[in-house]
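The values are calculated or read from the model by the stated rules, or taken from the named source; none is laboratory data. Owing to the predicted nature of the structure, the values given are computational and were not obtained by experimental measurement. Note that each Cβ is placed from the backbone with ideal geometry, even for glycine, and that neighbours are counted across all protein chains shown.
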Amino acid sequence: MRVNGARVLAAPIDHVWSIVTDPERVLSYMSGITRWEVAGDLGAGLGARYRILFRVGAAEVGGLVEVVEFDEPCDFAWTSVTGLDHRGRWRLREAPGGRTRVEFRLAYVVAGAGLSGWVAERVAAPTVEGHVRRTLQQLERLVEHEQLRTRAARRRRPAARP
Amino acid sequence: MADAPTTTSPRRNGHRPETRIEPPAAEPSGSLLTRTWRELAAALQRRIPRADLDERDPDYIREQLPLFWLFSSLWFRGEVRGLGNVPDEGPVLLVGNHSGGNMIPDTMVFTVAFSTYFGVERPFYQLAHNLVLSLPGLSWLRKFGTVAASPENASKALSSGAALLVYPGGDYEAHRPSWQSSRVDFGGRKGFLRLALEQDVPIVPVVAIGGQETALFLSRGERLARLLALDRVLRLKVLPVSISLPWIVNLGDFGHIPLPAKITIETLPAIDLRAEFGPDPDVDEVYDHLIRLMQDALDALAAERRFPVIG
């Protein structure tokens with residue numbers, strides 16, 4: 001089952017990239033995520049591992065994931081090592097006007113569970129779709145708010161001089 | 001699911017691979033009813049599988065989780081909070097209040113949440129009443145890590161580094177009347193505390209509400225159980241009477257269709273007994289403290305509920 005959503009954010013691609021690849025900021029915008037911790041010595045980049053949990057229904061699912069694509073500033077993808085089999089991807093592309101088109105994809109499969117797995121995948125889909133949608137909304141708010149603050153700080157700086 | 005009983009009798013255990021399981025000693029005399037009961041008990045004792053922690057099968061659990069997740073999410077609208085309070089690794093004794101009769105809905109909801117949170121790779125065992133493991137068609141429970149309740153099995157699980165879930169109140173608590181849903185009642189059983197001290201493992205209280213609303217439990221039927229010698233023969237303190245589907249009046253609770261009551265579970269912060277109560281803790285004091293702690297949490301969960309079943 002694959003769930004995805006996209007949005008155009010009023011921020012440069014580098015800024016969005018710095019946020020989606022920072023493990024310490026994930027909890028501030030990713031909906032449904034209850035844990036995103038660095039596992040191992042590498043904090044970010046290709047091969048970095050994170051212990052993540054994602055609330056779906058009555059359980060928090062997740063496990064250990066590893067970054068398998070780190071193509072700055074365009075593609076950031078991870079895949080599960082333990083726990084629920086899934087892949088996640090942030091796909092960033094420059095848009096006109098210094099903006100960024102952001103696509104968030106989650107693909108998951110409930111392997112080996114037969115009919116109940118097939119049903120569980122579909123029952124979980126609306127919840128996952130909701131999380132993807134809210135994640136993009138929250139990322140938009142976070143990124144654009146930071147842009148506004150940065151611009152306001154820049155405007156205030158010359159006025160403060162004597 | 002049940003408490004770690006304090007008895008050390010091998011025949012009560014029935015889970016020691018090196019010991020042949022003997023039926024309860026037969027007395028030369030007795031009524032036909034008593035002899036029949038003894039025969040039945042002996043047959044059930046013979047059915048209790050020997051303990052083997054290796055029977056827990058992570059792949060099997062992983063394959064079954066979606067089914068139980070569906071039940072847990074859709075039927076019971078399960079909500080498990082505070083799993084971050086469970087130490088990330090090492091042995092731990094999870095102590096829960098038991099509800100929902102023999103259908104153990106709270107155990108199912110918690111097991112799903114624990115297995116997805118920590119991964120099926122983390123060894124996790126649950127103690128169950130011998131009778132549960134001897135019933136036909138329930139052998140799959142052993143693959144989930146369910147072992148017969150005995151001090152030996154509990155020690156074995158904890159010394160292997162696993163997380164162990166016990167319900168000290170066992171059948172006594174799980175069959176309390178529905179109007180006592182928000183009461184923690186271990187019936188004075190303290191064996192689990194001695195176990196935690198012996199093994200020097202932290203205790204994590206697990207407080208659940210909603211299970212007792214999956215049927216209308218009327219009475220434990222303790223007097224009836226004593227009259228029929230169920231305590232001596234089957235280690236059953238109760239012969240519960242409830243109103244449940246599809247039986248309407250259900251005597252003994254040999255299965256029922258649970259009502260879709262919302263089940264909420266809260267995991268409280270871990271307690272290091274020696275750090276909090278000194279090097280040689282008084283078991284009675286720890287017991288009273290734990291009951292108070294769990295009762296407070298259960299009262300808070302009960303206060304959140306607006307309607308029975310609906311939650």
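Filtered by the rule that a residue be of a type in the set (A, V, I, L, M, F, W, C) and outside any loop (DSSP other than H, G, I, E, B), segment B:160-171 gives B:Ala163, B:Leu164, B:Leu165, B:Val166. Please work out if B:Ala300 is aliphatic (A, V, I, L, M) and surrounded by 14 or more Cβ atoms within 10 Å (Cβ to Cβ). No. The set of residues from segment B:133-160 being hydrophobic (A, V, I, L, M, F, W, C) and either farther than 25 Å from B:Leu74 by Cβ or touching a strand residue (DSSP E or B) at 6+ places or on another chain (Cβ under 6 Å) (or both) comprises B:Leu133, B:Leu135, B:Val147, B:Ala148, B:Ala149, B:Ala154, B:Ala157, B:Leu158. Of the conditions (1) within 18 Å of B:Pro151 (Cα to Cα); (2) among the charged types (D, E, K, R); (3) modelled with pLDDT under 90, B:Arg232 clears all except one; give me its number. Of the numbered conditions (1) within 18 Å of B:Pro151 (Cα to Cα); (2) among the charged types (D, E, K, R); (3) modelled with pLDDT under 90, the odd one out for B:Arg232 is (1). The residues in segment A:40-84 that are more than 26 Å from A:Ile13 (Cβ to Cβ) and away from every other protein chain (no Cβ under 14 Å) can be counted, and the count is 2. Of the strands (runs of 3 or more DSSP E) contained entirely in segment B:65-159, those carrying at least 3 residues that are more than 9 Å from chain A (Cβ to nearest Cβ), crowded, with 20+ Cβ neighbours inside 10 Å and under 14 Å from the mean Cα position of the chain (by Cα) fall at B:92-96, B:124-128, B:146-148. Do you know which of the residues in segment A:112-159 that are charged (D, E, K, R) and in contact with a Leu (Cβ under 7 Å, 6 or more places away or on another chain) is modelled with the lowest pLDDT? Ranking the qualifying residues of segment A:112-159, first place goes to A:Glu144. Taking the listed residues A:Arg35, A:Arg25, the one that is in a strand (DSSP E or B) and either under 12 Å from the mean Cα position of the chain (by Cα) or farther than 15 Å from A:Val132 by Cβ (or both) is A:Arg35, with no other qualifying. On the stretch given as segment A:110-126, residues that are surrounded by 15 or more Cβ atoms within 10 Å (Cβ to Cβ), at the interface with another protein chain (Cβ under 9 Å from one of its Cβ atoms) and touching a residue at least 12 places away in the same chain (Cβ under 8 Å) total 4.
If you go through segment A:81-95 and keep only what is surrounded by fewer than 19 Cβ atoms within 10 Å (Cβ to Cβ) and modelled with pLDDT of 95 or more, you end up with A:Arg87, A:Arg89, A:Arg91, A:Arg93, A:Glu94, A:Ala95. Condition (residue is part of a strand (DSSP E or B), surrounded by fewer than 15 Cβ atoms within 10 Å (Cβ to Cβ), charged (D, E, K, R) and within 14 Å of another protein chain (Cβ to nearest Cβ)) applied to segment A:1-9: is it met by at least one residue? Within segment A:1-9, not a single residue is part of a strand (DSSP E or B), surrounded by fewer than 15 Cβ atoms within 10 Å (Cβ to Cβ), charged (D, E, K, R) and within 14 Å of another protein chain (Cβ to nearest Cβ). Annotation: of all residues in segment A:87-109 being part of a strand (DSSP E or B) and free of Cβ contacts under 8 Å to residues at least 24 places away in the same chain, the one that is farthest from B:Pro66 (Cα to Cα) is A:Arg91.
Scanning segment A:19-38 for residues that are loosely packed, with under 15 Cβ neighbours inside 10 Å and of a type outside the set (D, E, K, R) gives A:Leu27, A:Ser28, A:Val38. Looking at the structure I just gave you, is A:Val102 hydrophobic (A, V, I, L, M, F, W, C) and away from every other protein chain (no Cβ under 14 Å)? Yes, satisfied.
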